[in-house]
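What follows is a set of notes on a single structure, which appears directly below.
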Protein chains: 2
Amino acid sequence: MEKVFASIITIGDELLIGQVIDTNSAWMAQELNKIGIILKHRIAVGDVWNDIWQALDEESKHVSLILITGGLGPTADDITKPLLCEYFGGRMVIHQPTLDHVTHIFEKLNRPMIDRNAKQAEVPDNCTVLKNERGTAPGMLFKKDGKIFISLPGVPHEMKWLMSNQVIPMIPEFFKTGFIEHRTLLTAGIGESFLAEMIKDVEEALPPQIKLAYLPNSGMVRLRLTAFGFDKDELQKEIDIHFQLLKQTVKEFLVTDEDIPMELVVGNLLKQKGKSMATAESCTGGYIAHLMTSHAGSSAYFTGSIVSYDNKIKKMLLHVTEETIQSVGVVSETVVKQMATSVLDIMQTDYSIAVSGIMGPGGATAEKPVGMVWIAVANKEKTVAKLFNFRYTRQRNIELTATNALNLLRIFIMENS
Amino acid sequence: MEKVFASIITIGDELLIGQVIDTNSAWMAQELNKIGIILKHRIAVGDVWNDIWQALDEESKHVSLILITGGLGPTADDITKPLLCEYFGGRMVIHQPTLDHVTHIFEKLNRPMIDRNAKQAEVPDNCTVLKNERGTAPGMLFKKDGKIFISLPGVPHEMKWLMSNQVIPMIPEFFKTGFIEHRTLLTAGIGESFLAEMIKDVEEALPPQIKLAYLPNSGMVRLRLTAFGFDKDELQKEIDIHFQLLKQTVKEFLVTDEDIPMELVVGNLLKQKGKSMATAESCTGGYIAHLMTSHAGSSAYFTGSIVSYDNKIKKMLLHVTEETIQSVGVVSETVVKQMATSVLDIMQTDYSIAVSGIMGPGGATAEKPVGMVWIAVANKEKTVAKLFNFRYTRQRNIELTATNALNLLRIFIMENS
């Protein structure tokens, strides 16, 4: 067994002008990690012949497995396939099973197939074709000087299908890898440097094969232990001892010992207690509801939301009175508490969240600056509200409001159930 | 003037194990493009001394400007600062203005400052310190062999502040660059290969300094022209001629000739007509409302949403009857039409969107597979519904439902106003 290193090369000008955020690489990295492969580099290059060629040369110096995504479309800007053909010294041939597959796709869609589509079935004669059941561009595997090169389409759902169904299952043919184990916990209410002081002894006692990382985000800090080894049981036993120690040390600030987002921590808590929740959202505009419902199975605990972006909706549906708005304003303790109790009542849930604030860049006044947010959480007996001041960009203010609202509900559920 | 190439090196194990998606690089790429700098590579490396060192060596062979983000925190896993100090042959010294700034931050927060925080004020003596008004880790600028290296913190809002306020303004001191111009349009209702056939003549007539890219996403295709040159007026004139030609050629499928997302196309259309909208969302769980409200100024046209995730909310708030659900099910034309007219009526808006579908992975039946979605749009006179079948992952199904619902409303507004 050996430590196996990989690199991901993503191809496309859109990645270099900032038009597209690369979400493929993160997902691929996770899949590689699961089978014990360590990602050394992720590199993005444009649709430029020399740059792609150079990246292949350079990465093959450092790693044994090179995954390439993008540039396989039927249009002229996509040059990956002819480049790989030349790089590995092959010639283009029609791959009959791919041609049949492409033809079948167009028949099923009841669309005429044009030359451009048929060209998708041309592949270098020195590659192993990986059938792409989700699209017309097949994956391709090349071997050179003991290194494995795999080219995949850049369309995320096609790439993911190929990774899960073709690439990952064939890796053991080529490499005998070790194991990688991660343990992650999330803390809230303590800054990164204070956390570092608190866990100093645990950190210094870590053996060299276990690494600790700090991941601050949305005003919370995630801690991650990563270990690599060749004996899986031994490795798990060892990382678990240090992880227990870490958990114990930060227990006052611990949100979860799983690598899951805040909304799932709340969802799991509700599910476990057989309780439900709803939201009344002004400034977050449905984002909290979206977070809750982006996870399968959320219908077990998430009932719904009233997004009262316009103040008339706060009055018409959430029983906020014009007098209240006139006297204290919509960004106020009174208004969020009213929103929280109203939505709890209307949706007949066990818990509710309500938010009202100024996300920016406009809408601020002298007394109510951008980032000022009132958040309330409620159950039938009790309503609690808290004031926050974020003062970042609109997007970040929305995210911070959502995460903190969910954390407030999490604490409220634990204290009031 | 010259073509100036840059690379971005992002540092952090979290990028290589897929725990974090790199959104920094895309934003930085856009900012560099605006001042005429071409990004050649984006490379992610772990918190590993040799890998960072190698990346610095490698990138400085290819480009004149190297931007480095990440690894500047106060914790032990962050090694960028000592590494840069050694790489550029300096020694660490206390930087008094930074120490004053860090002290001031802790005073303002009313928190005790510990050694670890004071260490943030140590910098290599051979760098130019770039003050970070958003945090404790300063930016650092180094020069070596005519190349410029700039190290920035990885925390997005700190990095962005430093880029906008320190880095971008000082670039003209170092480089006389050319200009980059982009023109982007969005099409809907035509596949990538058919679009390519349609615009073949326009594509073949493009001069070498103008590149065309196809960016398929959410069942729609974005086309982008990119040009580089040294005479800005000339460049704009030339790219606009080709862009007009392109727009004219695809006009039947043209959604917008701006580089903006679908929700902003709809928002702008509503604003221009002085109209308002609301949504009734089941399967998208508030995602459409979130998209609409993620843009500043959306209160001018977006009123609110009823997220009826639980069927009881469809009945209680949106007047869907139990009989209808029993006879045709919640994923049906009747139900979405009822939801659309109800929310229009309740929120007193000019237009509404309603969606009901099965996002998966669970919830499917023999007649109603994962990805089956009914979408309705309405105004006071008319309600139109359409059936879609997406059949991807939950996340992608939600996104596709939202984009297609917004496109349906866009067409509806244009045809019925």
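Across the range B:57-62, rounded Karplus estimates of 3J(HN,Hα) from the backbone phi angles (6.51 cos²θ - 1.76 cosθ + 1.60, θ = phi - 60°) give 4, 5, 5, 5, 6, 9 Hz, Gly and Pro being marked x. Gyration tensor over the Cα atoms of the protein assembly as shown: the corresponding equivalent ellipsoid has semi-axes (square roots of 5 times the eigenvalues, largest first) of 40, 36, 28 Å.
Any chance you could give the angle, 0 to 90 degrees and rounded to 10, that helix B:232-249 forms with the longest Cα principal axis of chain B? The angle comes out at about 20 degrees. Note on chain B: with a GNM built from Cα contacts shorter than 10 Å, the maximum mean-square fluctuation among B:I375, B:I150, B:I114 falls on B:I114.
On average, how much accessible surface per residue is there in the protein assembly as shown, in Å², for a 1.4 Å probe, leaving out ligands, DNA and RNA?
On the way: 33160 Å² over 834 residues.
Accessible surface, normalised per residue, equals 40 Å².
Remark: the range B:161-173, residue by residue, has Karplus-estimated 3J(HN,Hα) of 4, 5, 4, 5, 9, 10, 6, 4, x, 9, 4, x, 4 Hz, where x stands for each Gly or Pro and the curve is 6.51 cos²θ - 1.76 cosθ + 1.60 at θ = phi - 60°. Among the residues of A:2-14, the average count of other protein chain beta-carbon atoms within 10 Å of the residue beta-carbon is 2.
Can you bin the range B:140-195 into rounded, prolate or oblate? Criterion: square roots of the alpha carbon gyration tensor eigenvalues sorted a ≥ b ≥ c, rounded for a/c under 1.5, prolate for a/b above b/c, oblate for the rest. Judged from the Cα gyration tensor, the range B:140-195 comes out prolate (a/c at least 1.5, a/b above b/c).
Size of the range B:1-143: Rg and Dmax of its alpha carbons, in Å, are 16.0, 50. For chain A, the longest principal axis of the alpha carbon atoms and the long axis of helix A:262-273 meet at an angle near 70°. Mean partner shielding of peptide A:209-222, defined as the number of other chain Cβ atoms within 10 Å of each residue Cβ, is 3. Using a cutoff of 8 angstrom between alpha carbon atoms and counting only pairs six or more residues apart, the relative contact order for chain B works out to 10 percent.
Placing a label point 7 Å from the Cα of B:P361 along the Cα-to-Cβ direction, the distances to the matching points in the other copies come to 4.3 nm, shortest first.
Between their Cα atoms, which of A:K160/B:K251; B:K61/B:K143; A:K34/B:K160; A:K275/A:K386; A:K315/A:K382 are more than 25 Å away from each other? Exceeds cut-off: A:K160/B:K251; A:K34/B:K160. Protein-only accessible surface at a 1.4 angstrom probe places the residues B:K386, A:K119 in the order A:K119, B:K386, largest first. Buried surface for the B/A pair, taken as the accessible area of each chain alone minus that of the pair with a 1.4 Å probe, is close to 7600 Å² in total. Note on A:M1: accessible area approximately 130 square angstrom, rounded to 10, probe 1.4 Å, nucleic acids and ligands left out. Here is how far apart the B:I168 label points are across copies: 4.0 nm, shortest first, using a point 7 Å from Cα toward Cβ.
Calculated mean residue ellipticity, 222 nm, chain A: -12000 deg cm²/dmol, from DSSP H runs (n ≥ 4) at -39500 (n - 2.57) each, averaged per residue and rounded to 500. Ranking of B:V221, A:V155 by solvent-accessible surface, largest first: A:V155, B:V221 (1.4 Å probe, protein heavy atoms only, all chains present). The amide H of A:T69, built 1.01 Å from its N in the peptide plane, has A:I9, A:T10, A:I11, A:L152 as neighbours under 5 Å, considering only residues 5 or more places off or on other chains. When the other protein chains are added to the chain by itself, burial of at least 10 square angstrom of heavy-atom accessible area (probe 1.4 Å, ligands and nucleic acids ignored) affects these residues of the range A:320-365: A:I346, A:M347, A:Q348, A:P361. Label-point spacing for B:K380 across the identical copies (point 7 Å from Cα in the Cβ direction), in nm and ascending order: 4.2.
Between the range A:318-351 and the range B:348-417, the C-alpha centres lie 31 angstrom from each other.
Scanning chain A for the beta carbon that comes closest to the axis linking it by rotation to B yields A:G286, 2, distance in whole angstrom. Out of A:Y87, B:Y351, A:G219, whose Cα points farthest toward the positive end of the dipole of the protein assembly as shown (charges: +1 Lys, Arg; -1 Asp, Glu; placed on Cβ)? Of A:Y87, B:Y351, A:G219, it is B:Y351.
Amide H contacts of B:E258 (H built 1.01 Å from N, in plane; Pro and chain starts excluded): B:L186 sit under 5 Å, all sequence-distant by 5 or more or on other chains.
Expressed as a whole percent, how much of the Cα-Cα distance distribution for chain B exceeds 34 Å? So the portion of pairs separated by more than 34 Å is 49 percent.
Treat every Asp and Glu Cβ in the range A:120-171 as -1 and every Lys and Arg Cβ as +1, leave all other atoms uncharged, and give the resulting dipole magnitude about the Cα centre to the nearest 20 debye. Display every interim value, and only then the final one.
Details: 6 positive and 5 negative charges, 36 e Å.
Magnitude of the dipole: close to 180 debye.
Against chain A, whose longest principal axis is taken from its Cα atoms, helix A:333-347 shows a tilt of about 70°. The phi-based Karplus calculation (6.51 cos²θ - 1.76 cosθ + 1.60; θ = phi - 60°) puts the 3J(HN,Hα) values of the range A:115-132 at 3, 4, 6, 4, 4, 4, 8, 7, 9, x, 6, 9, 10, 8, 7, 9, 4, 9 Hz, whole numbers, x for Gly and Pro.
Bridging of B:K81 to aspartates and glutamates at a Cα separation below 14 Å is possible for B:D47, B:E122, B:D125, once same-chain residues fewer than 8 apart are set aside.
Would you mind classifying the range A:179-256 by shape? Square roots of the alpha carbon gyration tensor eigenvalues, ordered a ≥ b ≥ c; an a/c under 1.5 is rounded, otherwise it is prolate if a/b is larger than b/c and oblate if not. The shape class here is prolate.
The values are calculated or read from the model by the stated rules, or taken from the named source; none is laboratory data. Because the structure is predicted, anything quoted here is derived from the model rather than measured. Counting neighbours? That spans all protein chains shown, and the Cβs are built from the backbone with ideal geometry, glycine included. Side chains included, ligands, DNA and RNA excluded: accessible areas come from the protein's heavy atoms. Shrake-Rupley method; radii C 1.70, N 1.55, O 1.52, S 1.80 Å.
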